[in-house]
Amino acid sequence: MNATMQAHNPWRAPLAGRPLDATVVIPGSKSLSNRYLILAALGGRPVTLVGLLRSRDTELMMGALESFGVRCEPDAAEPTTVRVVPPADGRFRGGTDVYCGLAGTVMRFVPGLAMFADGPVRFDGDAQAYARPMGPVLDGLEQLGARIEYHGEPGRLPFTITPPASAAPPDGGTGAGPATVSIDASGSSQFISGLLLIGSRLPGGLRLVHTGERLPSLPHVRMTVDDLRRAGVRAEADEAARRWSVHPGAVQLPDTVVIEPDLSNAAPFLGAAMIAGGSVSVPHWPRRTTQPGGLLPGILQRMGARITWNAMAWDGDGPAVGTGDAAGDAATAANAPDAGTLTVTGDGAIHGLGRFDLSAAGEIAPSIAALAALADSPTQLVGIAHLRGHETNRLAALVAEIRRIGAQADELEDGIAIAPAPRGRLHGATMETYADHRMATFAAMIGLAVPDVDVVDVQTTSKTIPDFVGMWTAMLGE
Ligand SMILES: O=C(O)C1=C[C@@H](OP(=O)(O)O)[C@@H](O)[C@H](O)C1
Ligand SMILES: C=C(OP(=O)(O)O)C(=O)O
């Protein structure tokens, strides 16, 4: 079915007929995949990425890198293994076009690479991407000496970046000291990550100051710092002062990097166990992670789920090795593998969260909102004003779709208030998805409990999941 037919033929979300008993293998993390692709491109020798996400956002990233002269070579037998070969002279090709689609990680991370191109680079994306904020990351590049020409609205796609002659920032060009850049990243953590990723390639390194009141998605900034360190870069964070610094030097990932599953994309599947009852297991769940999806087990537990990791109970922060024998517990913890199987078990009862700050993990808000709409008490998700600049205005979209099925929801200044109705009072509807992958998985979750839910353009899930419908129906045993 092509995209036009999809739009006219919504997908009937399957109702869960019985409790679940499924294991779901989740593809690689979008955020880690696109960071490692960039760090590999900035290196001096090839890197093999194992478990790379192959979906629209990572294809767009690889397309962008290839237009700069980087080679991305998927393994013929295993396409999620990709060898990234940076240009021999370390210089990116300019005079080229980058298409960002609707991918925040492409539109906010790739402009920094244009600093090292040998000519101007023009950036464009989906019409809907023109609404996403871009200004602060581009202001940051201007502070580093780039020239930005906006072809539409200032601070938005499309635009052209002309790099400085030597990627030498005006105030740090001699390499004597770091360039200092001040930006307001309250609209997206990706503005910070996009600048930190290139900091070590600037002659004197980079000192970055966030001037705004709020900083969303802090785990994603920590992920960037962690990944830079993995690539041998000295990076420091003073989160209290909202300052980061990256020392100048080479970027080189290990020869092989294994990518964790996308824990945020696990949310609809794990949440399904709570809605339908029964269990859903996700293998390869890391014991420790920088992904914000690492907060999911704790949140789902609070909403009433029973959680285990490798058959050990979850204590809110991680696997509890609670046998009561302290010495034995310490030994078990030390010997625990780096990854194990996370299992969520539910009985259909879901508790609201009350007032809950989700600023650390805004990208899982749609999945939590689906659970909240089916819960037995209200939830207010706060700290997520910046969701208005995600793939769509997610606060408005969630309010519209929750009301459409007969529950109550209202936009707050920095979030959404959800007042569930008893499940029997909810009713089916054709649910809009606004070209937003997470609004499609939100609708699929609702459809597990509410009959006759049709999902418009379910294919939009391919932004970060290559075969959502196949995975969902397999989970349901259909
Ligand atoms: O750096 C990243 O990989 C991401 C950061 C977050 O962006 P925001 O800070 O704009 O929410 C997140 O929502 C997005 O899905 C991925
Ligand atoms: C906000 C998201 O994506 P992006 O990387 O496009 O910002 C998301 O995946 O929820």
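The values are calculated or read from the model by the stated rules, or taken from the named source; none is laboratory data. Predicted, not measured: the structure shown is a model, and the values here were computed from it. Cβ: placed from backbone, ideal geometry, glycine included. Neighbour counts: every protein chain shown.
Worth a mention:
- Any hit, the stretch 112-134, residues being crowded, with 24+ Cβ neighbours inside 10 Å, in the same structural domain as Ser200 (by TED's automatic domain parsing), closer than 30 Å to Thr48 by Cβ and among the small types (Gly, Ala, Ser): yes
- Remark: pairs (first residue in the stretch 341-355, in contact (Cβ under 8 Å) with a residue 12 or more places away in the chain; second residue in a strand (DSSP E or B) and surrounded by fewer than 16 Cβ atoms within 10 Å (Cβ to Cβ); Cβ separation under 6 Å; 6+ apart in sequence or on different chains) = Thr341/Pro283.
- Test: residue in the stretch 52-63 that is surrounded by fewer than 24 Cβ atoms within 10 Å (Cβ to Cβ), over 25 Å from Leu138 (Cβ atoms) and in the same structural domain as Gly199 (by TED's automatic domain parsing): yes
- Filtered residue count, the stretch 1-52, keeping only those that are modelled with pLDDT under 95 and within 16 Å of ligand 2 (Cβ to nearest atom): 0
- Test: residue in the stretch 399-409 that is away from ligand 1 (no atom under 16 Å from the Cβ), more than 22 Å from Ala185 (Cα to Cα), more than 23 Å from the chain's Cα centre (by Cα) and in a strand (DSSP E or B): yes
- A residue that is within 30 Å of Val469 (Cα to Cα), in contact (Cβ under 8 Å) with a residue 12 or more places away in the chain and more than 13 Å from ligand 2 (Cβ to nearest atom) occurs nowhere in the stretch 102-122.
- The stretch 231-248, subset among the aliphatic types (A, V, I, L, M) and touching a residue at least 40 places away in the same chain (Cβ under 8 Å), residue farthest from Gly212 (Cα to Cα): Ala231
- With respect to the conditions (1) touching a residue at least 60 places away in the same chain (Cβ under 8 Å); (2) hydrophobic (A, V, I, L, M, F, W, C); (3) closer than 17 Å to Ile275 by Cα, Val469 falls short on a single one, namely (3).
- Within the stretch 358-380, the set of residues being within 18 Å of the chain's Cα centre (by Cα) and not hydrophobic (A, V, I, L, M, F, W, C) comprises Ser359, Gly362, Glu363, Pro366, Ser367.
- Applying the criterion of being among the hydroxyl-bearing types (Ser, Thr, Tyr) and in contact with a helix residue (DSSP H, G or I) (Cβ under 7 Å, 6 or more places away or on another chain) to the residues of the stretch 71-101, the residue that is nearest to ligand 2 (Cβ to nearest atom) is Tyr99.
- Test: residue in the stretch 115-128 that is at pLDDT 95 or above, outside any strand (DSSP E or B), of a type in the set (Phe, Trp, Tyr) and more than 16 Å from ligand 1 (Cβ to nearest atom): yes
- When the stretch 333-356 is limited to residues that are at pLDDT 95 or above and surrounded by fewer than 16 Cβ atoms within 10 Å (Cβ to Cβ), the one that is nearest to Trp285 (Cα to Cα) turns out to be Thr341.
- Restricted to the stretch 96-114, and to residues there that are aliphatic (A, V, I, L, M) and within 14 Å of ligand 1 (Cβ to nearest atom), the residue that is nearest to the chain's Cα centre (by Cα) is Ala103.
- If you filter the stretch 198-251 down to residues that are hydroxyl-bearing (Ser, Thr, Tyr) and touching a strand residue (DSSP E or B) at 6+ places or on another chain (Cβ under 6 Å), you find that the one that is nearest to ligand 2 (Cβ to nearest atom) is Thr211.
- Residue count for the stretch 415-428, restricted to those that are buried (at least 19 other Cβ atoms within 10 Å of the Cβ) and assigned to a loop (DSSP other than H, G, I, E, B): 2
- Against the numbered list (1) buried (at least 21 other Cβ atoms within 10 Å of the Cβ); (2) among the aliphatic types (A, V, I, L, M); (3) touching a Lys or Arg at 6+ places or on another chain (Cβ under 7 Å), Val382 comes up short only at (1).
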